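Written out below as structure tokens is the structure these notes cover.
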Amino acid sequence: MRIAIAGGGLGGLTLARILHRHGVGAVVYEREASRSARSQGGMLDLHPESGQQALADAGLTDRFRSEARPEGEEHRILDPAGRTLVHHKPQPGSFSGRPEIDRSVLRDLLLDSLPGDTVAWQHRLVAATPRPGGGFGLTFDGGHSADCDVLIGADGARSLVRSLLTDARLSYVATLVELSISDADQRHPDLAELVGPGNLWCIGVNQILAAQRLGDGRIRVGISVRAKDRDIDTYRSKRALLDLFDGWDPSLTALIEAGDSAPTPRRIEAMPIGTRWANRPGITLLGDAAHLMPPVGEGANQAMLDAAELAAELATNTADPDSAIRTYEEAMFTRIQPIAEMSARVQAMMLSPTAADDIVRFFTPRPTEPAPAPTA
Ligand SMILES: Cc1cc2nc3c(=O)[nH]c(=O)nc-3n(C[C@H](O)[C@H](O)[C@H](O)COP(=O)(O)OP(=O)(O)OC[C@H]3O[C@@H](n4cnc5c(N)ncnc54)[C@H](O)[C@@H]3O)c2cc1C
């Protein structure tokens, strides 16, 4: 069984790793030229029942614990005047909640756990064509080609493989504008203290100014505004952002002024809730390709759990991969539906006129349940 995984993100790499542990080979085709070709973004908190479970199935719990930053769970929610509404401090050194890890560190950890030839870098899939006897012929940018018996689309938000299974369209749910502040402790100690070791969210009316501490000493700043409030290009200057946050406490807007370079806006998109497709032999999707959701702390966790569940099915059913895929898809559709509904609700709540009250209520931990974490 030749398994091709399109996309070497967190989902695709977790799948390859767990298959490898079961003695099942797979090739990961990744469009980027190398592991360091692109910055991987901010921190993720891995949930015990999903992301951490997948890492346990991958045999990587010890590595995760040596790289994770449980102190990154600390978070504060402020109002535009800089008053603290919520301040959550985790137990020092505890891994019982949702420890944070830099996305690039997590990706490296997965890459290091794979045989050197598993990832074919610089292989952007541009077409997948069904072969008469089953499986797919794959064509890559630049003219390379390959065949496979099973094709797994782990190729993210704008998945090419998705179009072979569903015509679901993405909707534009928010705009996220990002800035980065390097060497914060030395250059901006006030901001380093404001943000702390984890996350900071400053909640206004229909807009959020957020910041998070990364393991390499940077602060990543993310401004979330409603989709289509303005043309996305109007967020490309610090001046425009400062105007947007006019009247906010200067200690907060200093996060914008301190950005190393011009802000980068991006569209945040989501697939329709409840997207399913009719099972088709030899092909399936996982992660954002299968269920792109607003970024409220579940996407990577669910992508990794998809990978773990699909790997387990394929490994126990090597003689009948189509049955393995059917079983995986049914369970995945059922699991994702309520999570996608919750993610849409939280996203709408975060960018509403009453967001501060709603978020404080939502994120105040109940005694038995750690609070989910907004990420944008
Ligand atoms: C701002 C932001 C913050 C987030 N924060 C969190 C969080 O805190 N917690 C959380 O759980 N989730 C979070 N998410 C969601 C999370 O990032 C995604 O859900 C997760 O990365 C999905 O993993 P994936 O493997 O499916 O896709 P990706 O990680 O996007 O990986 C897809 C890979 O496929 C490659 N690729 C794409 N097209 C092709 C092609 N044609 N051929 C070959 N390769 C291709 C890409 O280069 C990439 O490496 C956040 C998302 C955003 C936008």
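The values are calculated or read from the model by the stated rules, or taken from the named source; none is laboratory data. For clarity, every value in this text was computed on a predicted model and none was experimentally measured. In this analysis, Cβ positions are derived from the backbone assuming ideal geometry, glycine residues included, and neighbour counts consider all displayed protein chains. Just the protein is used for accessible areas: all its heavy atoms, side chains included, with ligands, DNA and RNA removed. Shrake-Rupley method; radii C 1.70, N 1.55, O 1.52, S 1.80 Å.
Brief remarks follow.
- Residue in region 147-155 that is under 16 Å from H123 (Cβ atoms) and away from the ligand (no atom under 12 Å from the Cβ) present: yes
- Set side by side, the residues A356, A331, A315, A319 differ, and just one is without any contact (Cβ under 8 Å) to a residue 40 or more places away in the chain, part of a helix (DSSP H, G or I) and away from the ligand (no atom under 16 Å from the Cβ), which is A331.
- Selection count where residues are open to solvent by 40 Å² or more (accessible area, probe 1.4 Å), in contact with a strand residue (DSSP E or B) (Cβ under 8 Å, 6 or more places away or on another chain) and more than 11 Å from the ligand (Cβ to nearest atom), scope region 265-300: 1
- Any chance T166 is farther than 30 Å from G222 by Cα, within 22 Å of the chain's Cα centre (by Cα) and surrounded by 13 or more Cβ atoms within 10 Å (Cβ to Cβ): yes
- For region 7-18, a residue qualifies if it is within 12 Å of the ligand (Cβ to nearest atom) and part of a helix (DSSP H, G or I), and the qualifying residues are L10, G11, G12, L13, T14, L15, A16.
- Candidate set from region 46-78 (those that are open to solvent by less than 10 Å² (accessible area, probe 1.4 Å) and within 12 Å of the ligand (Cβ to nearest atom)); member that is farthest from L111 (Cα to Cα): G72
- All of R267, R280 fail the test of being more than 30 Å from S180 (Cβ to Cβ) and not hydroxyl-bearing (S, T, Y), apart from R280.
- Residue within region 307-315 that is buried (at least 17 other Cβ atoms within 10 Å of the Cβ), over 30 Å from V225 (Cβ atoms) and not aliphatic (A, V, I, L, M) present: yes
- Looking across region 173-190, the residues that are surrounded by fewer than 22 Cβ atoms within 10 Å (Cβ to Cβ) and away from the ligand (no atom under 16 Å from the Cβ) come down to S182, D183, D185, Q186, R187, H188, P189, D190.
- Qualifying residue in region 19-32 (condition: in a loop (DSSP other than H, G, I, E, B) and farther than 30 Å from T129 by Cβ): no
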